[in-house]
Amino acid sequence: MYGDGTLFRKPDTRFWWMSYWLRGEQKQESTKETDPVKARRRLKQRMREVGADLIGAKKFIGPQSEKLTIDEILDSLTKDLELREKLSPQVESKLKPVRAALGRMPASSITDDIIRDYMLVRLKGPGKKPKTPIAQALAHIGRVRPVANATINREMQFLGQAYNLKVKEIGQGPSIPKLDERVREGFYERSEFEAIAAHLPEDLQDFARWGYFTGWRKGEIASLRWRELNMENRQLRLRSQFSKNGEPRMVPLMGELWDIIQRRWKARRYRGENGETVISQLVSFRQKGPGIPKPARR
């Protein structure tokens with residue numbers, strides 16, 4: 001019947017196929033079932049989805065959109081941010097735990113409960129013996145410590161943006177609650193920061209810029225060494241012992257950060273007090289004042 005959909009067999013497959021109509025367009029897809037009873041059940045599920053779409057209760061999601069994973073919609077988000085010149089290392093860092101915990105799941109299957117489970121694990125930490133798949137995935141990439149409400153909000157903000165970007169394909173995403181967080185004040189606009197940085201000694205300007213663009217603490221920036229740099233892949237590693245939360249970070253070097261690294265690389269070789277050539281092992285160092293790297297012993 002026109003309103004109930006139909007089942008049929010194709011000569012080149014053992015599966016039952018279903019045919020139905022949506023907004024004047026005929027749809028055909030495999031039920032992926034060989035049993036006619038199970039195939040009929042699958043067709044009835046599809047017809048309920050068609051009915052929900054027609055009354056405006058829930059957007060219909062076709063078979064292709066059902067396959068879209070969280071990783072894939074996040075890939076679309078990063079491409080969009082890169083196109084609009086808003087992609088940064090901080091964004092990539094915030095997406096990493098989301099990808100680890102939810103990345104392989106179909107985006108259309110993420111429920112409100114799954115989102116809340118993720119947020120609870122991030123808030124409390126996965127524990128020494130993680131039990132749930134989400135906790136195990138986060139523990140596997142070293143995300144074992146509880147994180148701040150603000151961090152969770154940023155992660156979920158980007159996930160929400162990814163859903164909004166693909167809303168025509170997968171419909172409205174899950175409901176994402178926002179956690180309370182303290183509002184930081186006193187941040188400078190870029191022009192204000194550069195006006196201040198211009199008065200710093202030249203060898204401290206890039207140190208300050210790195211902190212401005214990444215939000216890292218002084219000790220984290222000061223610990224960076226050239227041996228942690230992968231010049232070919234444009235990545236710089238912050239070791240766990242110097243990280244605020246005890247977790248290592250891999251920073252993609254792009255835009256302003258790559259420019260800083262190039263300048264520091266050229267400046268790493270200089271003349272010491274006795275005229276000898278000194279090569280600094282630190283990315284950020286001073287030739288004058290506190291923090292001067294000591295010449296290597298011969």
In the range 88-146, the residues that are among the hydroxyl-bearing types (Ser, Thr, Tyr) and in contact with a helix residue (DSSP H, G or I) (Cβ under 7 Å, 6 or more places away or on another chain): Ser108, Tyr118, Thr132
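I'd like to check which helices (runs of 4 or more DSSP H) are fully inside the range 16-127 and have at least 3 residues that are open to solvent by less than 50 Å² (accessible area, probe 1.4 Å) and under 30 Å from Arg145 (Cα atoms).
Working: elements: 36-54, 63-66, 70-83, 89-102, 112-124.
Counting at least 3 such residues, we get 70-83, 89-102, 112-124.
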Among the residues in the range 145-165, are any closer than 23 Å to Glu49 by Cβ, free of Cβ contacts under 8 Å to residues at least 12 places away in the same chain and either β-branched (Val, Ile, Thr) or open to solvent by 20 Å² or more (accessible area, probe 1.4 Å) (or both)? yes
Within the range 225-238, how many residues are modelled with pLDDT of 90 or more and either basic (Lys, Arg) or within 28 Å of Ser191 (Cβ to Cβ) (or both)? 2
Can you tell me how many residues within the range 77-103 are farther than 16 Å from Met156 by Cα and small (Gly, Ala, Ser)? 1
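This table checks each residue for (1) farther than 30 Å from Ile279 by Cβ; (2) touching a strand residue (DSSP E or B) at 6+ places or on another chain (Cβ under 9 Å).
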position	(1), (2)
Ala139	yes, no
Arg143	yes, no
Gly160	yes, no
His199	no, no
Gln235	no, yes
Pairs under 8 Å by beta carbon, first residue at positive phi in the range 254-277, partner aliphatic (A, V, I, L, M) and at pLDDT below 85, six or more apart or different chains? none
Glu85 is checked against (1) at pLDDT below 90; (2) closer than 15 Å to Ala162 by Cα; (3) more than 13 Å from the chain's Cα centre (by Cα) and fails just one. What number does that condition carry? (2)
Residues in the range 101-117 that are in contact with a Lys or Arg (Cβ under 7 Å, 6 or more places away or on another chain) and either of a type in the set (S, T, N, Q) or closer than 17 Å to Gln136 by Cα (or both): how many? 0
Looking at (1) at pLDDT below 85; (2) within 16 Å of the chain's Cα centre (by Cα); (3) open to solvent by 40 Å² or more (accessible area, probe 1.4 Å), which one does Thr214 not meet, given that it meets all the others? (3)
Among the residues of the range 62-77, is any touching a residue at least 24 places away in the same chain (Cβ under 8 Å), in contact with a Phe, Trp or Tyr (Cβ under 9 Å, 6 or more places away or on another chain) and of a type in the set (S, T, N, Q)? no
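Residue-by-condition table, conditions (1) under 30 Å from Ala139 (Cβ atoms); (2) modelled with pLDDT under 85:
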| position | (1), (2) |
| --- | --- |
| Ser240 | yes, yes |
| Lys244 | yes, yes |
| Glu247 | yes, yes |
| Met250 | yes, yes |
| Asp259 | no, no |
| Asn274 | no, yes |
| Lys288 | no, yes |
| Ile292 | no, yes |
Please count how many residues of the range 235-265 are in contact with a helix residue (DSSP H, G or I) (Cβ under 7 Å, 6 or more places away or on another chain), open to solvent by 60 Å² or more (accessible area, probe 1.4 Å) and part of a helix (DSSP H, G or I). 3
Show the residue pairs that are 6+ apart or on different chains and have beta-carbon atoms under 8 Å apart, the first residue being within the range 169-187 and surrounded by fewer than 17 Cβ atoms within 10 Å (Cβ to Cβ), the second being at pLDDT below 65. none
Could you list, ordered by first residue, the pairs with Cβ atoms under 9 Å in which the first is in the range 207-228 and on the phi > 0 side of the Ramachandran plot and the second is open to solvent by 30 Å² or more (accessible area, probe 1.4 Å), at least 6 apart or interchain? Gly215/Gln90
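The values are calculated or read from the model by the stated rules, or taken from the named source; none is laboratory data. Because the structure is a prediction, the values reported are computed rather than measured. In this analysis, Cβ positions are derived from the backbone assuming ideal geometry, glycine residues included, and neighbour counts consider all displayed protein chains. Protein only, heavy atoms only, side chains kept; ligands, DNA and RNA dropped before computing areas. Shrake-Rupley method; radii C 1.70, N 1.55, O 1.52, S 1.80 Å.
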